[in-house]
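The structure under discussion appears below in the form of structure tokens.
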């Protein structure tokens, strides 16, 4: 069993409006070598207020895996291509097994 890596990875949590836009974002992010891999989950229901109105929308969720070194660049890249006016682009530091950390680093 591998021990957790010393260098944390980053997981990005990024809701998108539909499957197609999620796939398009993943394709661009991976072509730019800013994430090693991604998951596209959904559909899910999101609830929020926008311009004074309560909303309930179906969305999909991207989970992107990258290194801490790529975090700032990936965030800026996503902000530039995301279809929403005000996207949620959240990142979290995570521990992972050494083999996976090494694999992610090699992909980027």
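Where a number appears in this text, it was derived from the coordinates with a stated rule and is not lab data. Nothing here was measured: the structure is a model prediction, and the numbers come from that model. Because the Cβ atoms are built from the backbone with ideal geometry, glycine has one as well, and the counts that use them run over all protein chains shown.
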Working only within the stretch 13-46, note down all residues that are in contact with a strand residue (DSSP E or B) (Cβ under 8 Å, 6 or more places away or on another chain), within 22 Å of residue 85 (Cβ to Cβ) and surrounded by fewer than 14 Cβ atoms within 10 Å (Cβ to Cβ).
13, 19, 43, 44, 45
Could you identify the single residue in 78, 62 that is crowded, with 17+ Cβ neighbours inside 10 Å, within 17 Å of the chain's Cα centre (by Cα) and part of a strand (DSSP E or B)?
62
Within the stretch 32-56, how many residues are under 20 Å from residue 79 (Cβ atoms), part of a strand (DSSP E or B) and more than 11 Å from the chain's Cα centre (by Cα)?
3
